[in-house]
Amino acid sequence: MHTIQLINEMQSHATALRSSGHLIGLVPTMGSLHEGHLSLIDIAKEKTDKVIVSIFVNPTQFGPNEDFDKYPRMLEEDVEKCRERGADIVFNPTIKEMYPNGYSTYVAEEQISSGLCGVSRPHHLRGVTTVCLKLFNITRPDIAVFGQKDAQQCAVIRKMVVDLNISTEIVVGPTQRDDDGMATSSRNVYLSDKQRKEALNISMSLQIAKDMVNSGTKSVDRIVAEVIHHLSLSRRIRVIYVQVVDRNTMEPAREISLGTQRLCVAAWVDQTRLIDNIEL
Ligand code: PAF
C-alpha cells in the first residue's frame, strides 16, 4: 500500500490503473478511522480490485463555530489501519493542495440538502458535495462507498451523481454499531463515559420507534413524540431534530410507509453533535 499527497500524482496513478483495466473503489473519509470506515473498505474490496481511501478533514464542510480545529487527526494510525484492512492507496492531500489560494468553486445540491442537517449546518452539505466531486475527479473511482449513518449525505451524493452525470456508482454500507448499540462515529471520542452512557439513548430511541412501527403504529407524530420524550429524559441531550423522512428525497413523511422511510435524529450531547438513523 502506498500513500499519495499530490493531486497530479493521484490522478495519473488512477488513470494508469483504469487503462490497465482495474476497477477503482473509493472510500472517502476524514480519518480517525473506526470500524464503520473499515467496513466500507471491505465493501470496496469486494466490488473492485484497487481500493483508495481518502483521508482529508475537509474545512469547507465545517461552519465557523464547529469542531474543525479539534476534529481528531491520527494519520499514522489511520494509514496502518488501511494497510491492515487491505486498501491499496491512501490519498491524504493537504488543505492547500485541495483548496489553493483563490479557490472559488462550490457544488451545491439544493433540495435534499435543505432539510435535516441543512437547517442547523447551512453550508455543511455544500462542502461535502464539493469535496466529493473533487475526490471523484482526482481518484476516478468506478464506485464510491459511504456509510448509512450519514443518511442525508448519502442521498445528496446520490442526487449529485445523477444530476451531474457522474459515472461513479454510489454504494452505501450499513451503519456499524458498538455492542451497546451506539453508532460508530469519529466524534464519539469527544464523549466522557458519562456522556456516552446518555448518548446511548439516541440509538435506544430509534429502536423504540422501530418497535412501535413493527407493532403497527402508523402515526409519524406519535413516533416522533415518543422519541423526543425518550431523549428529553436525558439531562445532557438537546434534540436538534427528530424526523421521519422519505429515504431518497429526505422529505418529511406524514404517515408510516414501510420500507421507504428513515427516522433521522440529530442531538447535542453536551458539546458533541451526534446523528443517527434507522430504516422504518
Ligand atoms: O462522511 C465523511 O466523513 C465526510 O463527509 C466525507 C464524505 C469524507 C467528505 O469530507
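The values are calculated or read from the model by the stated rules, or taken from the named source; none is laboratory data. From a predicted model like this one, the values you see are computed outputs, not experimental measurements. Cβ sites come from the backbone with ideal geometry, for glycine too, and all protein chains shown count toward neighbours. The protein model used for the area step is the full one, side chains on, heavy atoms only, and it has no ligands, DNA or RNA in it. Shrake-Rupley method; radii C 1.70, N 1.55, O 1.52, S 1.80 Å.
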Among the residues of the stretch 199-215, which ones are more than 20 Å from the chain's Cα centre (by Cα) and without any contact (Cβ under 8 Å) to a residue 60 or more places away in the chain?
Asn201, Met204, Ile208, Asp211, Met212, Asn214, Ser215
Pairs needed: first member in the stretch 47-60, closer than 13 Å to Ser32 by Cβ; second member anywhere, of a type in the set (Phe, Trp, Tyr); C-beta distance under 6 Å; at least 6 residues apart or different chains.
Val57/Tyr71
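Could you run through the stretch 225-250 and say how many residues are assigned to a helix (DSSP H, G or I) and in contact (Cβ under 8 Å) with a residue 24 or more places away in the chain?
Matching residues across the stretch 225-250 total 3.
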Flagged in the stretch 251-280 as open to solvent by 30 Å² or more (accessible area, probe 1.4 Å), at pLDDT 95 or above and not in a strand (DSSP E or B), in numbering order, are Glu251, Ser257, Thr260, Asp270, Gln271
Being more than 9 Å from the ligand (Cβ to nearest atom) and more than 14 Å from the chain's Cα centre (by Cα) is the filter here, so list the residues in the stretch 131-154 that pass it.
Leu133, Lys134, Phe136, Asn137, Ile138, Thr139, Arg140, Pro141, Asp142, Ile143
Single match in Val119, Val172 (criterion: within 12 Å of the ligand (Cβ to nearest atom) and among the aliphatic types (A, V, I, L, M)):
Val172
Among the residues of the stretch 137-156, the number that are under 22 Å from Phe62 (Cβ atoms), among the basic types (Lys, Arg) and open to solvent by 40 Å² or more (accessible area, probe 1.4 Å) is 0
Suppose we filter Lys134, Lys159 for residues that are free of Cβ contacts under 8 Å to residues at least 60 places away in the same chain, within 21 Å of Gln261 (Cα to Cα) and buried (at least 18 other Cβ atoms within 10 Å of the Cβ); which single one remains?
Lys159
Options Ile202, Ile208; residue that is open to solvent by less than 20 Å² (accessible area, probe 1.4 Å) and either among the hydroxyl-bearing types (Ser, Thr, Tyr) or at pLDDT 95 or above (or both)
Ile202
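Quick check on my filter: what residues within the stretch 222-234 are under 27 Å from the mean Cα position of the chain (by Cα) and farther than 20 Å from Ala199 by Cβ?
Ile223, Ala225 - these are the residues of the stretch 222-234 that are under 27 Å from the mean Cα position of the chain (by Cα) and farther than 20 Å from Ala199 by Cβ.
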